[in-house]
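Worksheet: one structure, shown below.
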Amino acid sequence: MSIIVNGSGTLFTLKTLHSVYQMKVDDRGFLRHLYYGNEIGEEDMSFMHVDYDRSFSPNPNCAFPVRGYSLDVIPQEYTSCGLSDYRVSSFGVINGDGSSAAEFHFVSYEIRKGKYQIPAQPAVFDEGGESETLAITLEDPVTGLQIELLYGVFEAKDVITRAVRIINHTKEPIFLTKAGSMSIDFAYGTFDLIGFHGRHTLERVAERTPIEHNVKVIRSRRGQSSHQHNPFVILCGRDATEDFGECYGFMLVYSGNFRAEAEMDQFGSTRLTLGIEPENFRWKLEPEEVFDTPEVILSYSSRGLAQLSRNYHRIIRQNIIRSKYRYARRPVLLNSWEGSYFDFDEKSLLKLAEGARDLGADLFVLDDGWFGVRNDDNSSLGDWFVNEDKIKGGLPALVAKVNDLGLKFGIWVEPEMVNEDSDLFREHPDWALQIPGRGPVRGRNQLVLNMSKPEVRDHIFNMISKVLKESNIEYVKWDVNRNVADLYNEQLSPDRQGEVAHRHILGVYELLERFVTAFPDILFEGCSGGGGRFDAAMMYYYPQIWCSDDTDAIPRLAIQHGTSFGYPISTIGAHVSASPNHQTGRITPINTRAVVAMNGTFGYELDPAKLTEEEKTQVREQIRFFKEHYELIQNGSYYRLTGIGESYFEAWEQASEDQGEALLSIVITDTQPNAQLIHVKLKGLDPAARYSMEVHADVDERILAIPDYPGTSQLKEFLDQEGRSYQGAALMSGGVTIPWIMGNYPALQLYFKKAE
Ligand code: DGJ
């Protein structure tokens, strides 16, 4: 049983394989958070908490005459508001009488088989009855406002999900001003907060900072989860490393404005809240109406960050992704964007596709520029019909020709946007988000369609469905190339305008749901100028998301490293592009670009005709290698072996769950003379087994020929040796040593296979 309740129905213990989460109703009816962490047997953890009369921390009315009881101090499971808890709050309300207080007292609980549902929102799903739900109802005794705290316990997966259902049982309309999905109080311990910040072309860089006596806020107000911050944060002990120490993950399954707040209070306790960003959020609830918050996925690891990441990788792969490509093999693609940008016609596209076929790709993707009169990024978004000036005979003919080459065909769309220079905008200017009396905000010269309007969604669905039905399209890249502004919907009353941002993203979900239902065989890839909407909610619709518009393998190391903390490799869209790189001008070997792109979904985004014959041979071998090790690379247990910038190389590893094989990848980022040798300890192997080792590297012959290269013989021997095998324990405790390699950003892969 994963949910245990004591005889008096006041102590709730949620158990997963390696964690325990506990809360208790106290004498005054408040739900206290007692504990989240490692196994504790059957203990009631109340003994850890002691109440004191704390000056300047007032006492709630129901505590009178006790002075040693204050909401400002006790660890709570979800906060009340406006009544003397001065720490960050998870909830805010304006009641019918204009007051902004709510004091939530325990009413009842219920245990349900399976996972609770959140209507019309993406959430973790239960497969085969693997979870249980605990629903705890709290109520404000003065107004009657109710909240239901929902917990989904996935015991075997070490995951607990949380969401809140707010029910206006009061007699008047109320306004929610903050509707957090969760809060949690850690009475003891000092923590670091790991967040994932960035910008366009540098997303999800891990940043670890101590939580001190202030409030740290990580948030997006951009209408999407954003390039700048990700709705995933980790609290970890100050001493936690990849393989050691306590770590807690909190991942919001939401793609809109969000806020995570971490506060260390005056007595050293730490509170974390996570949910919809409250700024500009004001949701009117009529009597008996309900508001469902998005969900948070919580996980705990007592064994460091790597285990925490693997918990998230598994739950996303198995319980968020629904596409038929969840487990099915995904095609290796060649995308036209960096190969031809807007400059193409039918002939040049077919040439690209032929090149893709000759290299061994499975899918050709036609990116931006095929519709309306779009020859640059100033027009035509919204006009989802083919530009016959560029593609004679239309898409069906082109798709058929690409299929005849033996390739699947995929297409790019950006359905949530419109250009003013488009038929759609000329016909329906009121479909774009705009505030009356103000000129629109433009981004990439485009406006955002108001997805909170059903007629807009219907139109987009019909128009794009037509394109998808007319031809044999087997993949769709769904892009979003600006942030949301101008929040307004004239169909809503003035007092409901604070609902538009959330209604907009609910509209996006509704539209995506229609597409994935109507086209279950299409592989959808999400995108927002790279990784501007890289979140678990989007993975409910798309099994993979283009990770970044920076395709330079070297900065990609930091991007993909940060992304890997929360998201599995199989979700991380990554391509080999041309050199010099189009974003940075950096020149890297094609082998290195492939090693890095293989730490993701793997594909190409270049003009094959511009590759040398030698490079083409290498690409064919890369694709063959990737396909041979597909399962291991995409679904193996993931290990970050270095931190970004800690050394002059980066290393990571995938090991199969059955410990039968492993792939170690190493990229040298800063070649040095007379360098310290690269030494890496493997992880996730069977200590008692022997493993053969194959080296895959591409060391430039010209470098080996440098007369005074002091490492030539050692390196040659390392590269050429065959029939090597080592004990798993030796590889993990001793490690492998890579002879000194020179050159520009060399990379290598070592493949280990358990002896039969
Ligand atoms: C942004 C995407 O991230 C790119 O890959 C490309 O599709 C462009 N948009 C096209 O406009």
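Name the residue that is surrounded by the fewest Cβ atoms within 10 Å (Cβ to Cβ), counting only residues in the stretch 356-370 that are assigned to a strand (DSSP E or B) and within 12 Å of the ligand (Cβ to nearest atom).
First, pick out the residues of the stretch 356-370 that are assigned to a strand (DSSP E or B): 363-366.
Checking which are within 12 Å of the ligand (Cβ to nearest atom) leaves us with 365-366.
Values: 365: 28, 366: 26.
The qualifying residue surrounded by the fewest Cβ atoms within 10 Å (Cβ to Cβ) is 366.
Looking only at residues in the stretch 603-619 that are among the polar types (S, T, N, Q) and assigned to a helix (DSSP H, G or I), which one is most open to solvent (accessible area, probe 1.4 Å)?
Restricting attention to the stretch 603-619, the residues satisfying the condition of being among the polar types (S, T, N, Q) are 612, 617-618.
With assigned to a helix (DSSP H, G or I) added as a condition, the list becomes 617-618.
Working: 617: 83, 618: 40 Å².
Per the stated criteria, the residue is 617.
Per-residue answers, yes or no, for (1) in contact with a Pro (Cβ under 9 Å, 6 or more places away or on another chain); (2) of a type in the set (Asp, Glu); (3) open to solvent by 40 Å² or more (accessible area, probe 1.4 Å):
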residue: 273; (1), (2), (3): no, no, no
residue: 280; (1), (2), (3): no, no, yes
residue: 284; (1), (2), (3): yes, no, no
residue: 288; (1), (2), (3): no, yes, yes
residue: 291; (1), (2), (3): no, no, no
residue: 294; (1), (2), (3): yes, no, no
residue: 298; (1), (2), (3): no, no, no
residue: 303; (1), (2), (3): no, no, yes
residue: 314; (1), (2), (3): yes, no, yes
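Taking the criterion of being assigned to a loop (DSSP other than H, G, I, E, B), closer than 26 Å to residue 119 by Cβ and either open to solvent by 20 Å² or more (accessible area, probe 1.4 Å) or within 16 Å of the ligand (Cβ to nearest atom) (or both), would at least one residue in the stretch 323-334 satisfy it? Spell out the reasoning first.
Taking the stretch 323-334 first, the residues assigned to a loop (DSSP other than H, G, I, E, B) are 323, 327-332.
Among the residues that remain, those that are also closer than 26 Å to residue 119 by Cβ are: 323.
Subset that is either open to solvent by 20 Å² or more (accessible area, probe 1.4 Å) or within 16 Å of the ligand (Cβ to nearest atom) (or both): 323.
Taking every residue of the stretch 323-334 in turn, at least one turns out to be assigned to a loop (DSSP other than H, G, I, E, B), closer than 26 Å to residue 119 by Cβ and either open to solvent by 20 Å² or more (accessible area, probe 1.4 Å) or within 16 Å of the ligand (Cβ to nearest atom) (or both).
Reported count of residues in the stretch 236-257, each being part of a strand (DSSP E or B) and either in contact with a Cys (Cβ under 6 Å, 6 or more places away or on another chain) or surrounded by fewer than 24 Cβ atoms within 10 Å (Cβ to Cβ) (or both), is 6.
Okay, residues lined up against (1) more than 23 Å from residue 20 (Cβ to Cβ); (2) of a type in the set (Phe, Trp, Tyr):
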| site | (1), (2) |
| --- | --- |
| 255 | yes, no |
| 259 | yes, no |
| 263 | yes, no |
| 267 | yes, yes |
| 270 | no, no |
| 281 | yes, yes |
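Tell me, yes or no, whether the stretch 718-728 has at least one residue that is among the charged types (D, E, K, R), closer than 20 Å to residue 649 by Cα and outside any helix (DSSP H, G or I). No, the stretch 718-728 contains no residue that is among the charged types (D, E, K, R), closer than 20 Å to residue 649 by Cα and outside any helix (DSSP H, G or I).
Provide a single number: the residues in the stretch 437-458 that are more than 29 Å from the chain's Cα centre (by Cα) and under 15 Å from residue 507 (Cβ atoms).
The number of residues fulfilling the criteria is 1.
Once the stretch 542-554 is narrowed to residues that are within 15 Å of the ligand (Cβ to nearest atom) and more than 13 Å from the chain's Cα centre (by Cα), the residue that is most open to solvent (accessible area, probe 1.4 Å) is 549.
The residue that is nearest to the chain's Cα centre (by Cα), counting only those in the stretch 395-424 that are farther than 14 Å from residue 383 by Cβ and not hydrophobic (A, V, I, L, M, F, W, C), is 416.
Looking at this structure, is residue 84 assigned to a loop (DSSP other than H, G, I, E, B), farther than 20 Å from residue 34 by Cβ, hydroxyl-bearing (Ser, Thr, Tyr) and in contact with a Pro (Cβ under 8 Å, 6 or more places away or on another chain)?
Working: assigned to a loop (DSSP other than H, G, I, E, B): yes; farther than 20 Å from residue 34 by Cβ: yes; hydroxyl-bearing (Ser, Thr, Tyr): yes; in contact with a Pro (Cβ under 8 Å, 6 or more places away or on another chain): yes.
In short, yes.
Inspect the stretch 707-716 for any residue being hydroxyl-bearing (Ser, Thr, Tyr), open to solvent by 20 Å² or more (accessible area, probe 1.4 Å) and not in a loop (DSSP other than H, G, I, E, B) and give the result as yes or no. Yes, the stretch 707-716 contains a residue that is hydroxyl-bearing (Ser, Thr, Tyr), open to solvent by 20 Å² or more (accessible area, probe 1.4 Å) and not in a loop (DSSP other than H, G, I, E, B). Here residue 506 does not fit the description of being of a type outside the set (Lys, Arg), more than 16 Å from the ligand (Cβ to nearest atom) and not assigned by TED's automatic domain parsing to the domain that holds residue 402.
Given the structure, is residue 121 of a type outside the set (Phe, Trp, Tyr), open to solvent by less than 30 Å² (accessible area, probe 1.4 Å) and outside the structural domain of residue 517 (by TED's automatic domain parsing)?
Working: of a type outside the set (Phe, Trp, Tyr): yes; open to solvent by less than 30 Å² (accessible area, probe 1.4 Å): yes; outside the structural domain of residue 517 (by TED's automatic domain parsing): yes.
It is true that residue 121 is of a type outside the set (Phe, Trp, Tyr), open to solvent by less than 30 Å² (accessible area, probe 1.4 Å) and outside the structural domain of residue 517 (by TED's automatic domain parsing).
When the residues of the stretch 516-530 are narrowed to those that are open to solvent by less than 10 Å² (accessible area, probe 1.4 Å) and closer than 20 Å to residue 506 by Cα, which ends up farthest from the ligand (Cβ to nearest atom)? Break it down into steps so the answer makes sense when it comes.
To start, the set of residues in the stretch 516-530 that are open to solvent by less than 10 Å² (accessible area, probe 1.4 Å) comprises 523-530.
This time we only want the ones that are closer than 20 Å to residue 506 by Cα, so: 524-528.
Numbers: 524: 14, 525: 10, 526: 10, 527: 5, 528: 7 Å.
Looking at the filtered set, the residue picked out is 524.
Of everything listed in (1) away from the ligand (no atom under 15 Å from the Cβ); (2) of a type in the set (Gly, Ala, Ser); (3) part of a loop (DSSP other than H, G, I, E, B), the single unmet condition for residue 562 is (3).
On the given criteria, is residue 474 open to solvent by 10 Å² or more (accessible area, probe 1.4 Å), in contact with a Lys or Arg (Cβ under 8 Å, 6 or more places away or on another chain) and either closer than 30 Å to residue 403 by Cβ or away from the ligand (no atom under 16 Å from the Cβ) (or both)? Quick ask: steps written out before the conclusion?
Values: open to solvent by 10 Å² or more (accessible area, probe 1.4 Å): yes; in contact with a Lys or Arg (Cβ under 8 Å, 6 or more places away or on another chain): yes; either closer than 30 Å to residue 403 by Cβ or away from the ligand (no atom under 16 Å from the Cβ) (or both): yes.
Yes; evaluated as a whole, the condition is true for this residue.
Restricting 111, 174, 160, 184 to those that are surrounded by fewer than 20 Cβ atoms within 10 Å (Cβ to Cβ) and out of contact with any helix residue (DSSP H, G or I) (no Cβ under 8 Å at 6 or more places or on another chain) reduces the list to 111. In the stretch 423-438, which residue that is more than 16 Å from residue 485 (Cβ to Cβ) and open to solvent by 20 Å² or more (accessible area, probe 1.4 Å) is nearest to the ligand (Cβ to nearest atom)? Top of the filtered list is 425.
Return yes when residue 441 is in contact with a strand residue (DSSP E or B) (Cβ under 7 Å, 6 or more places away or on another chain), away from the ligand (no atom under 16 Å from the Cβ), touching a residue at least 24 places away in the same chain (Cβ under 8 Å) and β-branched (Val, Ile, Thr) and no when it is not.
Details: in contact with a strand residue (DSSP E or B) (Cβ under 7 Å, 6 or more places away or on another chain): no; away from the ligand (no atom under 16 Å from the Cβ): yes; touching a residue at least 24 places away in the same chain (Cβ under 8 Å): yes; β-branched (Val, Ile, Thr): yes.
When the stated conditions are applied, residue 441 does not pass them.
Does the stretch 465-483 include one or more residues that are in a loop (DSSP other than H, G, I, E, B) and farther than 30 Å from residue 334 by Cα? Step through it out loud before you land on a result.
We begin by selecting, within the stretch 465-483, every residue in a loop (DSSP other than H, G, I, E, B); these are 471-472, 479-483.
Among the residues that remain, those that are also farther than 30 Å from residue 334 by Cα are: none.
No.
Quickly run through the stretch 18-43 and pick out the residues that are open to solvent by 30 Å² or more (accessible area, probe 1.4 Å), of a type in the set (D, E, K, R) and modelled with pLDDT of 95 or more. Spell out the reasoning first.
From the stretch 18-43, those open to solvent by 30 Å² or more (accessible area, probe 1.4 Å) are 18, 24, 27-28, 35, 38-43; that's our starting set.
When the remaining residues are screened for being of a type in the set (D, E, K, R), the result is 24, 27-28, 39, 42-43.
Correct list: 24, 27, 28, 39, 43.
For residue 456, state whether it is outside any loop (DSSP other than H, G, I, E, B), within 16 Å of the ligand (Cβ to nearest atom), touching a strand residue (DSSP E or B) at 6+ places or on another chain (Cβ under 7 Å) and closer than 17 Å to residue 514 by Cα.
Taking the combined requirement at face value, the residue does not satisfy it.
Give the number of residues within the stretch 2-17 that are surrounded by fewer than 17 Cβ atoms within 10 Å (Cβ to Cβ), touching a residue at least 24 places away in the same chain (Cβ under 8 Å) and either small (Gly, Ala, Ser) or not in a strand (DSSP E or B) (or both). Of the residues in the stretch 2-17, 3 are surrounded by fewer than 17 Cβ atoms within 10 Å (Cβ to Cβ), touching a residue at least 24 places away in the same chain (Cβ under 8 Å) and either small (Gly, Ala, Ser) or not in a strand (DSSP E or B) (or both).
Restricted to the stretch 371-422, and to residues there that are within 11 Å of the ligand (Cβ to nearest atom) and not in a strand (DSSP E or B), the residue that is farthest from residue 458 (Cα to Cα) is 376.
The values are calculated or read from the model by the stated rules, or taken from the named source; none is laboratory data. Just so it is clear, the structure is predicted and the values come from calculations on it, not from any experiment. Neighbour counts are summed over all protein chains in view; Cβ atoms, including those assigned to glycine, are modelled from backbone coordinates with ideal geometry. Just the protein is used for accessible areas: all its heavy atoms, side chains included, with ligands, DNA and RNA removed. Shrake-Rupley method; radii C 1.70, N 1.55, O 1.52, S 1.80 Å.
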